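A short write-up of the structure that comes next.
The values are calculated or read from the model by the stated rules, or taken from the named source; none is laboratory data. Everything quoted here is computed from the prediction, not taken from an experiment. In this analysis, Cβ positions are derived from the backbone assuming ideal geometry, glycine residues included, and neighbour counts consider all displayed protein chains.
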Amino acid sequence: MRRQNSKSEEDDDDDTLLDGRRSRQETEEDDQDKCSPPSSSPLILFRTRFSDLSASLRRRTSCSDAEDEDDDDEDGNGLKKKEVTTAKQQRINTKIIVEIAKLNNELLAVVTNLRARQEESDHIHQLLIERAERAAQRIIFLQSRIASLEQELRENDDELQHLRICLKAIEIQLPPHPDKELQRCVAAVKHDYQTLRRKRASRPVVD
């Protein structure tokens, strides 16, 4: 649009200039017709018009070349700006790709670490389960053993009670003046029985 306006303005200027020159040429021709012989006026008129047309064509050519140069400069500037924008966008894209790759590596490291910790936690949990199972089995065994020992103690108590009764019966059946050896044996049995009773009395009671 700007080029068309400039061309139309140049055409108007050229037409105005040509009209002015033509009017001057006509005035000069009239003067020459009055002052010079009639045979030289057509040649002068032709030369003048030819020179005017040549000058007008040169001006138009120079203006057109200048406009073409301006257009070329504008196109060159546009291409340079486009190249600069493209290069900048490529740098930004490259930077984004580098950051994404870095973040991906960090995430992979975190995932690997979490997997290692999960495996370690599972291993520890499995060990705890195995130890708990062994402890439970040990507790069951110890409870059974304690019950068996308690049963043995009760049986021993019954035997001791029976021995005490038998000892009492022997003491009753002794003669008024027993033999010294028999008295010594009865005294030893009574001493052992009293010792067992004290030990049993000092034993803690198990619920």
Across segment 166-207, what is the number of residues that are loosely packed, with under 10 Cβ neighbours inside 10 Å and of a type in the set (V, I, T)?
3
What's the number of the only condition in (1) of a type in the set (A, V, I, L, M, F, W, C); (2) under 21 Å from Q194 (Cα atoms); (3) at pLDDT 80 or above that L142 fails to meet?
(2)
